[in-house]
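**Student:** I'd like to ask you about the structure that follows.
The values are calculated or read from the model by the stated rules, or taken from the named source; none is laboratory data. Computed from a prediction, not measured in an experiment: that's the story for all the values here. Cβ placement follows ideal geometry from the backbone for every residue including glycine, while neighbour counts extend to all protein chains displayed. Side chains included, ligands, DNA and RNA excluded: accessible areas come from the protein's heavy atoms. Shrake-Rupley method; radii C 1.70, N 1.55, O 1.52, S 1.80 Å.
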Amino acid sequence: MRMFFLVFILGYIGGNVYIFIRALQMLSGVSFPLRILLSVFFWLAAFSLVIALLTRHIEIPVSLSKTMFCVGSVWLVFTLYMILSLLLTDVVRLFVPTMKYGFCYALSFTCCLLLYGYYNYLHPQIKNINIPIDKPIEGEGVKIVAVSDLHLGNGTGKAMLKRYVDMINAQTPDLILIGGDLIDNSLIPLYHENMAEELAELKAPMGIYMVPGNHEYISGIDECVHFLKTTPIKLLRDSVVTLPNGVQIIGRDDRSNRSRHSLPELLKRTDNSKPTVVLDHQPYNLKKTDSLGIDLQFSGHTHHGQVWPISWLTDRLYEQSHGYRKWSKSHIYVSSGLSLWGPPFRIGTNSDMAVLHLSNIMPTFASDNH
């Protein structure tokens, strides 16, 4: 992991040096003082995310922290696509030496792509999926709204949270499940905007259950536990809850806790004749889940990479990087995340919210995407 971050940081710095040199070439006719000013702004933008993350637990003006985080996270994806665009213009110039303004073409294309990605991010998909199981459920089944990776904080504020709460409540769920990373990097913005007030508007007669994600540990797990106690959300950490209709929810602590209980250990607390739903933030060891006969597992964490071509990487890192799949025994849904970490863009991927209809009745459809 350390090697990955080292390579990433070196690549990020090197990419920004490449963009910076190309930008200076384009600005060769600009006055020296203006080039100095633009250079300062360039490198402040390039490192503002690093500064925001390093100071996330420090009491600095929230508006400043949010500005640094937003500028820096946007710059992260800007850097990726600007490098790819500039490389493309460099290749074209090999065949068309007279081509001018390659930097301007690359900048225009990148900005248009980011505008599309922001629009796409603002319009999450709602996935309706029937989950037929052969274990008895009292009544006509249970309608579950399952979401993950809201990353509340400087990136996803109270206004966006209200939109998500309204989306969830509009489905009139019996049960709400949150697959971790509800909180981003610090609780300071949540307290500043009183986001607990908006979370209190979530409605589900069978309850609202959540497991921690790695970002709850980044934010401080003890502080997150304290915050969640001020909301209607019940946090499950290696614990089992049995609903009145017989459905059992196994909430696993995140892999960040190296001493968390194993899934076989948790299964010993359940009744094998009743439906079992597993909440586990990170979708690892899914073959093991399937072999244990779990009826349904809901996970998140991957974001499906958020943007192309990172989505290719997550497709290779995980057995199931996003969406719904029926394994031999288990139904597994891996959410791409209702919101995002950092950059507010969805390019080649989609934000999603799962509406899972758990019942004993055979479905009339496999899925319906809206």
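**Student:** Of all helices (runs of 4 or more DSSP H) completely enclosed by the stretch 175-219, which ones contain at least 3 residues that are polar (S, T, N, Q) and buried (at least 24 other Cβ atoms within 10 Å of the Cβ)?
**Tutor:** none
**Student:** Tell me which residues, restricted to the stretch 91-112, are touching a residue at least 12 places away in the same chain (Cβ under 8 Å) and surrounded by 13 or more Cβ atoms within 10 Å (Cβ to Cβ).
**Tutor:** Gly102, Phe103, Tyr105, Ala106, Leu107, Phe109, Thr110
**Student:** Follow-up. Tell me the residue from Ile168, Ile176 that is under 18 Å from the mean Cα position of the chain (by Cα) and over 29 Å from Ser73 (Cα atoms), please.
**Tutor:** Selected residue: Ile176, the only one of Ile168, Ile176 that is under 18 Å from the mean Cα position of the chain (by Cα) and over 29 Å from Ser73 (Cα atoms).
**Student:** Does at least one position in the stretch 236-245 carry a residue that is of a type in the set (Val, Ile, Thr) and either part of a loop (DSSP other than H, G, I, E, B) or under 16 Å from His281 (Cβ atoms) (or both)?
**Tutor:** Within the stretch 236-245, none of the residues are of a type in the set (Val, Ile, Thr) and either part of a loop (DSSP other than H, G, I, E, B) or under 16 Å from His281 (Cβ atoms) (or both).
**Student:** Looking only at the stretch 130-162, which residues are exposed (fewer than 15 other Cβ atoms within 10 Å of the Cβ) and modelled with pLDDT of 95 or more?
**Tutor:** Once the filter is applied, which keeps residues that are exposed (fewer than 15 other Cβ atoms within 10 Å of the Cβ) and modelled with pLDDT of 95 or more, the stretch 130-162 yields Ala159, Lys162.
**Student:** So, one more: Quick check on Lys274: is it open to solvent by 20 Å² or more (accessible area, probe 1.4 Å) and either in contact with a Cys (Cβ under 6 Å, 6 or more places away or on another chain) or in a loop (DSSP other than H, G, I, E, B) (or both)?
**Tutor:** yes
**Student:** Just checking, which of Tyr324, Tyr318 is at pLDDT 95 or above, among the aromatic types (Phe, Trp, Tyr), closer than 30 Å to Arg163 by Cβ and touching a strand residue (DSSP E or B) at 6+ places or on another chain (Cβ under 7 Å)?
**Tutor:** Going through Tyr324, Tyr318 in turn, just one is at pLDDT 95 or above, among the aromatic types (Phe, Trp, Tyr), closer than 30 Å to Arg163 by Cβ and touching a strand residue (DSSP E or B) at 6+ places or on another chain (Cβ under 7 Å): Tyr324.
**Student:** Before we move on, is Tyr81 open to solvent by 30 Å² or more (accessible area, probe 1.4 Å) and either under 30 Å from Ser328 (Cβ atoms) or not hydrophobic (A, V, I, L, M, F, W, C) (or both)?
**Tutor:** no
**Student:** Residue check: is Leu64 open to solvent by 70 Å² or more (accessible area, probe 1.4 Å), at pLDDT 85 or above, closer than 30 Å to Ile221 by Cβ and of a type in the set (A, V, I, L, M, F, W, C)?
**Tutor:** Here the answer is yes, as Leu64 does meet what is asked.
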